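Data first, discussion second: the structure below is written as C-alpha cells.
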Amino acid sequence: MENVNLSVKIGDLYLDNPVMPASGAFGIEMESLFDFNNLGAVVPKSITKYPRGGNATPRVCEVTGGMINSIGIQSKGLEYYMEHTISAYQQYKTPLIASISADSVDEFVEMTRIIGNDPGVSAIELNISCPNLKGDGKAFGMDADLSYELLKKVRVVTELPIIAKLTPNVTSIQEIALACEKGGADGLNVANTLLGMAIDIHTHKPKIGNVLGGVSGPAVKPIIVRMIHQVRGVTDLPIIGCGGVMNYEDAIEMIIAGANAIQVGTASFINPMAMMEILDGIKEYLVTHKIKDINDLVGTVELAN
C-alpha cells in the first residue's frame, strides 16, 4: 500500500493515526486481540476520585440502530488508576489519554493536577458531560459559563493537552465549544451519548435501571456529523468525532465534516477488531482517492451555494 500520512495533532499531542477508542468501550483486557501500538491513542474508562459501584441494573439495553447504557462511571478510584491503570499501558508507545469525571470544578482541578503530571499520561479528556453534583445537577457541558470556568481553572494545573468531551444534549453545541476554547481547551470531543429512554411494553417498566441512559451506535451518527460540522464552523480547534462510527466510511464522513480524529465505542462491542478494520479502511480510502495526507481531508464537505 502506498505511503500516506495518517498522523494528526491535538495541541502538543501527536498521534500516529486518527483512530482511538471511546472511553468506556475499551480496556487493557483487549490487548490479547490486537496490538495497542497500532492505535492512535488509548483512552481507558473515565476515572473518578473515589471508587464507585455504578448505577442500578440493568445498565444496558438494545434499541433500534444502537444501544442505551447507564453504567454510572463505575470506577476503582483515582488511587487505583494511578498505581495500576496507567502503568498497565506503559509497555505500549501509544499515547494514553486519561478521561476524568468529577463532581465539581474543584475536583476536576484536583484530579487533573494529579493525573496531568504523571509521565505515563499524554493528554487529559475532561468528561464535562457528567452532572455537576455541587450545582444544579445539570452536566457541566450544558452551561457555557461553567464550561469556561472549568477549562480555565484546569488549564492552570497541567501543561498536557486538554480535550473537552462535549455533551450533545444542548441547544447550541457551538456555544459550549467556544466557551471551552476560550477557557483553554486544546481539542474538543464531539460528543458523548444522547439522553434516551426505552420501555418494556410487557412490564411497563424502563429497560434501564436508572430509567434514562445514553444512546449510542449507528442511529446517532447523523446527529454527531451535524454537530461536528457546526463546531468546525466556529472553531479551528482539533475535533475528535465520537458517536456511531461503525466502519471506515463513518470515520471518513466525520473527517469530511470537520473531525481530525475519531473514537470508536459501540462498534467494538459488536466486533472487537472494529478499530483495526476502520484504520485499514481509512488507509485504503486515502490511497484510492490519491490523498497523501489525511489532514487535507478535514472539513472538505462541499455545501451548495
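Nothing in this text is a laboratory measurement; each read-out follows from the coordinates by a stated rule. Note that this is a predicted model, so its numbers are computed, not measured. Note: ideal-geometry Cβ built from the backbone for every residue, glycine included; neighbour counts use all protein chains shown.
Observations on the structure shown:
- Taking the numbered list (1) exposed (fewer than 14 other Cβ atoms within 10 Å of the Cβ); (2) more than 20 Å from Val154 (Cβ to Cβ); (3) out of contact with any helix residue (DSSP H, G or I) (no Cβ under 6 Å at 6 or more places or on another chain); (4) not hydrophobic (A, V, I, L, M, F, W, C) in turn, Lys93 passes all entries but (3).
- Boolean, Asp103 is out of contact with any strand residue (DSSP E or B) (no Cβ under 6 Å at 6 or more places or on another chain), more than 26 Å from Val8 (Cβ to Cβ), of a type in the set (Asp, Glu) and part of a loop (DSSP other than H, G, I, E, B): yes
- Only one entry of Val154, Val220 meets the criterion of being assigned to a helix (DSSP H, G or I), in contact with a helix residue (DSSP H, G or I) (Cβ under 6 Å, 6 or more places away or on another chain) and not charged (D, E, K, R), and that entry is Val154.
- Candidate set: region 261-305, residues that are out of contact with any helix residue (DSSP H, G or I) (no Cβ under 7 Å at 6 or more places or on another chain), part of a loop (DSSP other than H, G, I, E, B) and not charged (D, E, K, R); chosen: the one surrounded by the most Cβ atoms within 10 Å (Cβ to Cβ): Gly265
- Which numbered condition Gly66 misses (of (1) of a type outside the set (S, T, N, Q); (2) in contact with a Pro (Cβ under 7 Å, 6 or more places away or on another chain); (3) surrounded by 15 or more Cβ atoms within 10 Å (Cβ to Cβ); (4) within 25 Å of Lys153 (Cα to Cα)): (4)
- Matching entry among Gly72, Gly24, Gly77 (being crowded, with 19+ Cβ neighbours inside 10 Å and on the phi > 0 side of the Ramachandran plot): Gly24
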